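Single-structure report; data block below.
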Amino acid sequence: MAGIFAKIAAGEIPSYKCAESDKFYAFLDINPLVKGHTLVIPRREVDYIFDLDDDELAEMVVFAKHVAAAIKKAFPCRKVGMAVLGLEVPHAHIHLIPMQTEKDMNFANPKLKLADDEMAAVAARIRENFEAEGK
Ligand code: AMP
């Protein structure tokens, strides 16, 4: 049975979509550390990121690079940080987090509570920049 992230990528469960391609999908983390915190997943359901094929992992990182560029345009920051945990959801994913300081990458920080319309607006800003880049 498909897991929650596979269902999100298939459009069977709603998400705040930021970007997509035939193989990958990006959407807002529902409990963001900062505004613009985004997850990148392969549509193919694999639990551990380092179990992905070499080519798929390389393509996923390149896709994440373009999503990060869109995040940085939408939410100016010093850099977009990249983290992989995967302890909660068994579907490989990369966290992309706009950083002003290294503290923004601390997963023990309290999560933001954004209203539905604000989450939708955040995703729309990232999506517009991703689509403008034409990747
Ligand atoms: P981890 O597996 O430790 O990398 O954590 C999973 C991340 O997925 C957490 O930051 C959650 O807030 C996030 N998450 C869990 N369910 C959803 C969902 N339905 N939509 C968006 N993000 C989610």
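The values are calculated or read from the model by the stated rules, or taken from the named source; none is laboratory data. As the structure is a prediction and not an experimental result, all values here were calculated from the model. So basically every Cβ, Gly included, is an ideal-geometry build from the backbone, and we count neighbours across all protein chains shown. Surface accessibility is based on the protein's heavy atoms, side chains included, excluding ligands, DNA and RNA. Shrake-Rupley method; radii C 1.70, N 1.55, O 1.52, S 1.80 Å.
Structure notes:
- Among the residues making up the stretch 80-134, those that are outside any helix (DSSP H, G or I) and among the basic types (Lys, Arg) are Lys111, Lys113.
- Checked against the criterion of being modelled with pLDDT under 95, open to solvent by less than 80 Å² (accessible area, probe 1.4 Å), farther than 21 Å from Phe5 by Cβ and part of a helix (DSSP H, G or I), the stretch 59-70 has no qualifying residue.
- Selection status of Ala83, in contact with a Pro (Cβ under 8 Å, 6 or more places away or on another chain), of a type outside the set (Asp, Glu) and near the ligand (Cβ under 10 Å from one of its atoms): no
- Residue in the stretch 32-45 that is in contact (Cβ under 8 Å) with a residue 40 or more places away in the chain, surrounded by fewer than 20 Cβ atoms within 10 Å (Cβ to Cβ), over 22 Å from Leu112 (Cα atoms) and within 16 Å of the ligand (Cβ to nearest atom) present: yes
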